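Data first, discussion second: the structure below is written as structure tokens.
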Amino acid sequence: MHCRNFIQRPVTRREALQTGAHGFGAVALAALLGDRAFAGLPTGTDPLLPRPPHYRPRARNIIFLYMDGGPSQIDTFDYKPLLKKHNGEDPKTAIGKLEPTQFDNVGKVMASPWEFNQYGECGHWVSDLFPHVAKHADKLAMLKSCTSKFSEHTAANYFLHTGSGIQGRPSMGAWVGYGLGSLNQNLPGFVVLNGGLIPPGGLDNFNSGFLPATYQGSVFKTQGQAVANIKPGEARPELQRSKLDALRSLDTHGLDSYGQSEAIESAIRNYETAYLMQTAVPDLMDFDSETEATKKLYGFDAGHKGTKTFARQCLVARRLVERGVRFIELTCPDGAGDRWDQHNKLKEGHEFNCMSVDQPIAGLLEDLEKRGLLEETLVVWAGEFGRTPFAQGGNGRDHNPFGFTMWMAGGGVKGGVSYGETDEWGYKAVQDRIEMHDIHATMLHLLGIEHTKSTFRFGGRDMRLTDVHGHVLHDILL
Amino acid sequence: MPVLRSIPAFLGCLIAAGPVGAEPSAADLEFFEKKVRPLLAAQCYECHSVDSKKLKADLLLDSRAAILRGGDSGPSIVPGKPDESLLIETVRYTNVNLQMPPKTRLSDDQVADLERWVAMGAPWPDEAPPEPGGNREYFDLEARRDSHWCWQPVADVEPPPVEDKSWPLEPLDHFILAGLEEAGLKPAPDADRRTWIRRVSFDLRGLPPTPEEVNAFLDDNSPEAYAEVVDAYLTSDDYGVKWGRHWLDLVRYAESYGHEFDYDIPEAWKYRDYVVKAFNEDVPHDRMIREAIAGDLLPDPRVDESTGLNESITATGFWWLGEATHAPTDVRGDEAVRIDNQVDVFSKSFLGLTVSCARCHDHKFDAISDEDYYSLTGYLQSSRRALAPRDPGGAIAAGATELRQLQERATALAAGPPAPSDRARSPEQLWGFDGSSPAGWMREGEAFPEKPTGGEKLEVALLPATTNHVPAGVWHSGLHGAPLHGTLRSPTFTLKKPELHVRLAATGRVRARIVVDGYFMDEFNALLFNGLELKGKGIDTNGAWQWKRFAGRLHKYVGHRVHLEFIDEGDGYIAIDEIAYAKGAEEMPLVPIADPDALAPVMEQAQAVWKRMPAPDYVLAMTDGTPENDRLHIRGGHQNLGEELPRRFLTALGGGAIPETGSGRLELAEEVTSPENPLTARVQANRIWHHLTGRGLVPTVDDFGVMGEEPSHPELLDWLAARFVESGWSNKQLIRSIVLSRTYRMSCIPHPELTAGQIAEKDPTNEKLHAFRVKRLTSESIRDAILAVSGRLDPKLGGPPVGVHLTSFMEGRGRPKAGPLDGAGRRSLYTAVRRNFLPPFHLAFDYPIPFSTMGRRSNSNVPAQSLVLMNDPFVAAEAERWARQLLTEPDPAKRLTMAYATAFSRDLQAPERSMLDEFLDRQAGLHGTSRDDLRVWSDLAHLLFNKKEFIFIR
């Protein structure tokens, strides 16, 4: 078992917002705690109470902006002038050997339809698709040599989320909860803010796999009722309260008949927490305390429907950060086109998607910074793969897992740096190649978790998010 | 063998600088020292030298001999030939599966230097290679086997003596009591009878006992009272529902494939029904395992008495219940992943071993080599997925026999001109047929006759007059008429050309497919497999002989292992004349029958037979394909193959080579269930103990290996395993002996003389069972108990699943049709198991995600569960239903008694009665109604569903 050094830190304003009873997670049965699989947790530990990290964390929370479908690196952040020069040529001649693609419908070399400019002091190249995010160039660490093992959505989604292309493994947010517990006991430790699209592979992208159900992602909507079973069925609150009071009396009365009653006591306490959660969740979604200026910053007043949806998601993400939720993932708004998956009509599709996310993301970065939250919140922008520098058919691009761009900001990451490179076509990573496991290792590292030591025994192996791989990208860390 | 692999390391010292043709020149050596050695040191030695902390790919690059020897993938260079050198291919970064250094491509100059160095003949100074460090992995299978308990034979043990001879009821109690006495502990007193019957009812049936059952048991003072309850429960159908589900947890049972579109797994529910029935009939456990592994091959398949259907073949469906994806760009890789999951489920479920851990390297801890792993994968490569037609009571076969005679008569009646057997053949023929059975072809169902037509004369098929003359050398699914079902499969072969042609005659509901590397999802989504299936208009020749072409994406699969499938779905026919890489001459006209009227009486008789014949019942199954061995996948890479490995069972369990006549699964099944195998019986005995007592004697029920936990009571485990085998592997008998034991009868409150301190010191985790363990119900039992109590439970067994009730939170591709909130009142087992739409109620209570074997569910205890019971509309609706039921009793006091008897199998205590009285008053006040109002009693019913006693069983 590894040693966790406890780090004393002062109570912040944020912690005052975080309530402390027992939350979405909580006390496991004694039987479970006696299990060697849980060797990482001392007996009697509440699985969701905060736990000291392996070393000093740089980030307390992660906001993972999941760009479902695979945004094109060469049309967003990975500027490749050579494409323009060879536009319309046969890629087999211009580029050379091509890897098999998903749809096997290889067209011509296709230049980006968007102009690129340099932004900030760092001079990051950003295309005209991201005018708002471009203003924050100096906050971004570009990761331009990302790779995946899969060129099919579902396997690639599982890989991005769980480090394995196979269905049913724990999602990264679940691993974070398992490693660190939660700072807020009245909200889940891993919240997925659903913009309307559930990625291919479904909810298993956010599941806890072989980790206890405690750690699974809770999918929240940002309109209407946020999550299932959070709204009492009783017509009036006092009817429920009265029921719960009677329940507590009956349960406490029966406690003696169980001998070792630890599990029962926990289950009794869970009801009190559940009761509090019924108000914590609606409170999260209540924007009355937000100023009009803030809402505007995120794009609440935008004309594009997708922008408004994603603006709500981004604002809730900030509010979740304030409430101490460790891992927040945003999925994309539904709309015309097919996610970021532009097998055809690249121009229309990418413009639509960018319009949805650009301003809200910029608003989020700015708002987090203004409130002093950015330095301890890691924001990650990522798709499951990128797209080919040659066309699929006439005007689309196929999946490309061999080299694509993600970026990170805040939370202990250097702004304005660029790490890794693809070849001159933006096709394959050739320098400082990054694997998905490296992204995971780095995220865990920033939270203070040593990825090789955060293990869970299942099926005869000490399983890790990073499997047997993963290198922390030290070059981009502060 | 990995041990062999490491021997050349020592040989390396002997052959020193290796076979250099001529002595390298000083200039060559200087080039090496200046350009190559520093490059190797800087870029490669972190992972490929004697000083590497962890040696990768078993490859050293720090001496010439080591480079020539190479690593897992073979020699690194061919001196003088850069283009044939693995090292050069790797640094060129042209093969995405083989790129080094892993992170950053070398500069063009650096690559050129290495190319030049290899072209020079790889000059290296004459120096002693560095001393091998301690970083090579050694693997000694025998030593591992000899040193770990699980591989040892089941010991012949006797129940140990105990001091308190009055305590044991069953021999197994001696083991538990001896353990307690040794620790100075006393067993808990017996639980009261109500507690016991509630416990045993949930454990055997997954349902609460009815108040009538409880009362009958309380009134029965005979010594047989306990046994009578147990026997009644074991013979109830609900036993199979409960224990079948435990088995389904092992085989990652689901009814859809998950991934992007969550397509249906065809006929999956029939497998579920097979399992329930097998448990209810107490089919010997070794037999169930044999059926699972090789039910299609057993000489004595079990047949259902009422339907006359083959049950044993249904059992093989378990191999195919895994997830599946619809567009793998690497279809062989997809097969490797699928087989890995099959091996994983097989070895964990039946052997309690994690064989899959040996896919990329020898097992890190257990006596399982990577060669063992690839010796097992061969069985699966030699087998195929099939929708197998089952013949109800042999009625189809009987009809086919009659039809054969009719067809012979028809041939005799309408004897035509000689068969044109000398028709022009394709020069690139793969298969043509004569009257004999061609080697390696497999058939299912009755449509395709045992062999193609032969002989001198045209045969006559029982078909419409224009198409019924059949030449010799044709395999014809309509010979005995259009209504027969059947499938014909070719041997597996390596595809050599991008097109494949078949001369055939076909019409109706028939298909022809090329199956690549066992891949089957193209039937749902042909994205990457267009052109590999002929169906509908693409195959219908209206009975004429034509060449049909497989093309499209087939070119992608040249070099892959493929087989052909011809499927007749019972309405039409397909006749195959010739299969070739290029089509041959077209001419093969239909030969009309001179006097069709002569056939009329025969056709009339055939009509009667067809009418009588039932349709086959399809199940998802495994059948034998072409026997083939797998090759070692070096470091788990299917593109990096090592030696061929004959199919055999695990070395540590005495695996021997198997005959070449079939897949070998039947022999494998025998070895798995052999009495010599110490694992299989132990694993099942331990699973039963786990389910009944809340914890296995080996808590890691799916892993008996080094990473698992050691048994708490090894002698008891062996004693139970031996009795289990003696009883003929009867699950029911083992369960019976455990639930009738004194151990199982214990209260969960420890013996009054035991102090908290003693317990904390001697048995803090209750491993020794000083008291019975409190168990939380499974998700299914919680829901089923709610239905049972509310009166909604429909005890019906089997059949297609009831749709999952969908909330607005359950979204995504492949969203199924929503089912009713109450699941039609059926037991939870019958709710659809769709991978991407698992029921949230069940997930909250640790229902397993079906990706691999899950013999022990996790057991969480979280507020999300409280929220489900508090706010899920299903719970509220059933509470109201129950309240209506309660209100039929006019006396409120009796109502409460009824409610407690139904929900908790007991009467209320006085304080509880007053608490609830107070509650009823309060709710009536809040609702502004009388105490007898439905809303008030719905609140009470809802409250009781939320009481901990409802889900925690003492």
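Those helices (runs of 4 or more DSSP H) of the range B:855-906 in which at least 3 residues are more than 7 Å from chain A (Cβ to nearest Cβ) and surrounded by 19 or more Cβ atoms within 10 Å (Cβ to Cβ), considering only elements entirely within it, cover B:873-887, B:892-904. Quick check on the range B:738-748. Is at least one of its residues under 31 Å from the mean Cα position of the chain (by Cα) and closer than 28 Å to B:A227 by Cα? Yes, there is a match, as at least one residue in the range B:738-748 is under 31 Å from the mean Cα position of the chain (by Cα) and closer than 28 Å to B:A227 by Cα.
For B:L504, indicate whether it is in contact with a Lys or Arg (Cβ under 7 Å, 6 or more places away or on another chain) and either at pLDDT 95 or above or among the hydrophobic types (A, V, I, L, M, F, W, C) (or both). Yes; evaluated as a whole, the condition is true for this residue.
Of all residues in the range A:320-362, those satisfying the criterion of being touching a His at 6+ places or on another chain (Cβ under 9 Å), part of a helix (DSSP H, G or I) and surrounded by fewer than 24 Cβ atoms within 10 Å (Cβ to Cβ) are A:F352, A:M355, A:D358, A:A362. In this entry, A:R241 is excluded by the filter for residues that are within 8 Å of chain B (Cβ to nearest Cβ), out of contact with any Pro (no Cβ under 7 Å at 6 or more places or on another chain) and closer than 22 Å to B:V936 by Cα. Test of understanding: among B:L769, B:L797, B:L787, which residue is surrounded by 19 or more Cβ atoms within 10 Å (Cβ to Cβ) and away from chain A (no Cβ under 14 Å)? Going through B:L769, B:L797, B:L787 in turn, the sole match is B:L787. Look at (1) modelled with pLDDT under 95; (2) within 14 Å of chain A (Cβ to nearest Cβ) and you find that B:I265 fails only one, number (1). Determine whether A:D75 is within 27 Å of B:Y93 (Cβ to Cβ) and not hydroxyl-bearing (S, T, Y). Here the answer is yes, as A:D75 does meet what is asked. Which one is surrounded by the most Cβ atoms within 10 Å (Cβ to Cβ), of the residues in the range A:394-428 that are touching a Cys at 6+ places or on another chain (Cβ under 8 Å) and under 21 Å from A:Y66 (Cβ atoms)? The selected residue is A:F404. Going by the structure shown, is B:E918 assigned to a helix (DSSP H, G or I), among the acidic types (D, E) and in contact with an Asp or Glu (Cβ under 8 Å, 6 or more places away or on another chain)? When the stated conditions are applied, B:E918 does not pass them. For the residues B:G696, B:G728, the requirement of being at pLDDT 95 or above, assigned to a loop (DSSP other than H, G, I, E, B) and surrounded by 22 or more Cβ atoms within 10 Å (Cβ to Cβ) singles out B:G696. Summed over the range A:382-413, residues that are part of a strand (DSSP E or B) and either free of Cβ contacts under 8 Å to residues at least 40 places away in the same chain or of a type in the set (S, T, N, Q) (or both) total 4. Condition check for A:G107 on (1) at pLDDT below 95; (2) more than 14 Å from chain B (Cβ to nearest Cβ); (3) under 19 Å from the mean Cα position of the chain (by Cα): one failure, at (3). Within the range B:738-754, being polar (S, T, N, Q) and within 14 Å of chain A (Cβ to nearest Cβ) holds for one residue alone: B:S747.
Evaluated against (1) more than 21 Å from A:F310 (Cβ to Cβ); (2) at pLDDT 90 or above; (3) in contact with an Asp or Glu (Cβ under 7 Å, 6 or more places away or on another chain), A:T154 falls short on exactly one condition, (2). Scanning the range A:177-198 for residues that are at the interface with chain B (Cβ under 8 Å from one of its Cβ atoms), in contact (Cβ under 8 Å) with a residue 24 or more places away in the chain and either under 27 Å from B:G322 (Cα atoms) or of a type in the set (V, I, T) (or both) turns up at least one hit. On the given criteria, is B:L87 buried (at least 21 other Cβ atoms within 10 Å of the Cβ), free of Cβ contacts under 8 Å to residues at least 60 places away in the same chain and out of contact with any Lys or Arg (no Cβ under 7 Å at 6 or more places or on another chain)? Yes, satisfied. Residue pairs whose Cβ atoms lie under 8 Å apart, separated by 6 or more positions or on different chains, with the first residue in the range B:91-112 and at positive phi and the second among the β-branched types (V, I, T), are B:Y93/A:V430. Any chance the range A:151-161 includes a residue that's surrounded by fewer than 24 Cβ atoms within 10 Å (Cβ to Cβ), β-branched (V, I, T), within 11 Å of chain B (Cβ to nearest Cβ) and in contact (Cβ under 8 Å) with a residue 24 or more places away in the chain? Checked the range A:151-161: no residue is surrounded by fewer than 24 Cβ atoms within 10 Å (Cβ to Cβ), β-branched (V, I, T), within 11 Å of chain B (Cβ to nearest Cβ) and in contact (Cβ under 8 Å) with a residue 24 or more places away in the chain.
Of all residues in the range B:341-369, those that are more than 8 Å from chain A (Cβ to nearest Cβ) and within 25 Å of B:A685 (Cβ to Cβ) have Cβ atoms under 7 Å from Cβ atoms of residues that are basic (K, R) and not in a helix (DSSP H, G or I), 6 or more apart or on another chain, in B:V345/B:R252.
Only one of the listed residues (A:I476, A:I449) is farther than 18 Å from B:P102 by Cα, more than 12 Å from chain B (Cβ to nearest Cβ) and surrounded by fewer than 23 Cβ atoms within 10 Å (Cβ to Cβ). That residue is A:I476.
The set of residues from the range B:34-58 being in a helix (DSSP H, G or I) and either touching a residue at least 24 places away in the same chain (Cβ under 8 Å) or more than 22 Å from B:D109 (Cα to Cα) (or both) comprises B:K35, B:V36, B:L39, B:Q43. Of all residues assigned to the range A:452-472, none qualifies as being modelled with pLDDT of 95 or more and in a helix (DSSP H, G or I).
Exactly one residue out of B:L106, B:L61, B:L39 is surrounded by 16 or more Cβ atoms within 10 Å (Cβ to Cβ), within 14 Å of another protein chain (Cβ to nearest Cβ), in contact with a helix residue (DSSP H, G or I) (Cβ under 7 Å, 6 or more places away or on another chain) and aliphatic (A, V, I, L, M): that is B:L106. Of all residues in the range B:733-778, those being polar (S, T, N, Q) and part of a loop (DSSP other than H, G, I, E, B) number 6. Would you point out the residue of the range A:164-176, among those that are farther than 24 Å from A:P52 by Cα and in contact (Cβ under 8 Å) with a residue 24 or more places away in the chain, that is farthest from the other protein chains (Cβ to nearest Cβ)? That would be A:S164.
Selection of the range B:297-338 for residues being assigned to a loop (DSSP other than H, G, I, E, B), under 19 Å from the mean Cα position of the chain (by Cα) and at the interface with chain A (Cβ under 10 Å from one of its Cβ atoms) yields B:G322, B:E323, B:A324, B:T325, B:H326.
What residue, among those in the range A:414-451 that are of a type in the set (A, V, I, L, M, F, W, C) and in a strand (DSSP E or B), is farthest from the chain's Cα centre (by Cα)? Across the range A:414-451, the extreme among qualifying residues is A:V430.
The values are calculated or read from the model by the stated rules, or taken from the named source; none is laboratory data. Here the structure is a predicted model, which means the values were calculated and not measured. Positions of Cβ are backbone-derived with ideal geometry, glycine not excepted, and every protein chain shown enters the neighbour counts.
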